Amino acid sequence: AKIEGRGRFAYFSESLTQAARARIDIEVRLRRAITQGELRVYYQPQVDIPSGRIVGAEALVRWQCPIEGLVPPARFITIAEATGLIGEIDDWVLRETCQQGQRWRAAGLPTLTLAVNLSAYQFLQGDISQTVAQVLRDTGYPAAFLELELTESALMQREAQAIQMLDRLKALGVRLAIDDFGTGYSSLAYLKLFPLDVLKIDKRFIDDIPAHRDDMEIVTAIIAMAHSLRLKVLAEGVENKEQLAYLQTQGCDQFQGYLTSRPVPAAEFEKLFLSGR
Ligand code: C2E
Ligand code: CA
Ligand code: CA
Ligand code: CA
């Protein structure tokens with residue numbers, strides 16, 4: 001039994017070491033990716049439901065890895081959050097997105113609302129409003145067309161601090177969105193505390209429309225509740241016409257999803273926008 005125990009221990013510690021090594025490996029490569037310019041921003045159209053027009057886009061990061069190809073955020077965001085690298089990534093995405101927005105304006109496109117994700121780490125660390133102010137100054141992108149997406153968990157971790165930070169961001173004139181709504185524990189009373197402009201209904205409530213009546217009723221209730229708080233509502237992950245039709249009957253303001261397009265590089269987004277007008 002002793003031998004077996006020792007053997008198990010040896011096996012266990014070896015696998016731990018392997019996991020730790022793999023993590024450090026990704027961390028080192030991710031650090032290099034940031035400095036070597038291997039990150040990309042993809043844009044997913046956001047569509048105004050009444051007019052059917054593209055009015056904005058969500059900026060979503062990708063890692064163009066020379067070895068592995070295009071790596072989705074699910075594969076590196078967790079490690080980026082654990083190591084604090086997410087701060088650098090979010091700052092880079094913010095700047096790149098505002099620069100791209102200015103290039104589109106210069107090319108004669110109407111000004112689009114560009115939405116950027118802020119991680120909880122980034123949001124609760126230091127003063128993100130200074131970074132946002134600096135990027136808006138440097139790029140010239142109009143604050144009213146920049147939207148910052150925060151998750152429920154980011155807002156709820158340290159509520160008082162979160163409200164203070166949102167107030168500072170609001171003072172810059174940017175729009176604020178709560179992302180993945182419905183996946184946490186926010187109540188109506190709770191949402192009222194935060195100076196938000198947009199509520200994004202999580203994809204999981206959209207997925208089973210029209211098969212699941214429960215989900216449809218939840219979506220209806222969220223839209224009504226958000227509107228009573230004077231929030232715009234955007235539904236995420238809309239993949240088919242039935243889902244869109246239901247959202248339309250419920251007065252949902254905007255949607256994004258594969259029905260219109262997956263997230264695409266800037267040049268492709270531009271084509272989509274110009275063809276869809
Ligand atoms: P998210 O913020 O909820 O972004 C929406 C995700 O849903 C995106 O995945 C998008 O490609 C996907 N999606 C949109 N429409 C559909 C649809 O119709 N069907 C399906 N199946 N999926 C759809 P993506 O780009 O892989 O991003 C995953 C998550 O990674 C994001 O979820 C966000 O939490 C995080 N993320 C992405 N970019 C950034 C970033 O720059 N900073 C931070 N902090 N997080 C980011
Ligand atoms: Ca988001
Ligand atoms: Ca989301
Ligand atoms: Ca999500």
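The values are calculated or read from the model by the stated rules, or taken from the named source; none is laboratory data. Just so it is clear, the structure is predicted and the values come from calculations on it, not from any experiment. Neighbour counts are summed over all protein chains in view; Cβ atoms, including those assigned to glycine, are modelled from backbone coordinates with ideal geometry. These accessible areas exclude ligands, DNA and RNA; they are computed on the full protein's heavy atoms, side chains included. Shrake-Rupley method; radii C 1.70, N 1.55, O 1.52, S 1.80 Å.
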Residues that are open to solvent by 50 Å² or more (accessible area, probe 1.4 Å) and not in a helix (DSSP H, G or I), drawn from the range 74-119:
107, 108, 110
Checking residue 183 against (1) open to solvent by 50 Å² or more (accessible area, probe 1.4 Å); (2) part of a helix (DSSP H, G or I), the condition it does not meet
(2)
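Within the range 158-187, restricting attention to residues that are among the polar types (S, T, N, Q) and within 16 Å of ligand 3 (Cβ to nearest atom), which residue is farthest from residue 58 (Cα to Cα)? First the steps, then the outcome.
Keep residues of the range 158-187 that are among the polar types (S, T, N, Q), which gives 161, 164, 183, 186-187.
Still in the list and also within 16 Å of ligand 3 (Cβ to nearest atom): 183, 186.
Values: 183: 19, 186: 23 Å.
Looking at the filtered set, the residue picked out is 186.
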So for the range 133-150 (the condition being more than 13 Å from ligand 2 (Cβ to nearest atom), of a type in the set (S, T, N, Q), within 30 Å of residue 274 (Cα to Cα) and open to solvent by less than 40 Å² (accessible area, probe 1.4 Å)), does at least one residue qualify?
yes
Would you check which residues across the range 238-257 are within 16 Å of ligand 3 (Cβ to nearest atom) and open to solvent by less than 40 Å² (accessible area, probe 1.4 Å) and list them?
238, 243, 247, 252, 253, 255, 256, 257
Suppose we filter 148, 193, 234 for residues that are within 16 Å of the chain's Cα centre (by Cα) and closer than 18 Å to residue 124 by Cα; which single one remains?
148
Hits in the range 121-158 (condition: within 14 Å of ligand 1 (Cβ to nearest atom), under 18 Å from residue 84 (Cα atoms) and either in contact with an Asp or Glu (Cβ under 8 Å, 6 or more places away or on another chain) or of a type in the set (S, T, N, Q) (or both))
121, 122, 125, 131, 150, 151, 153
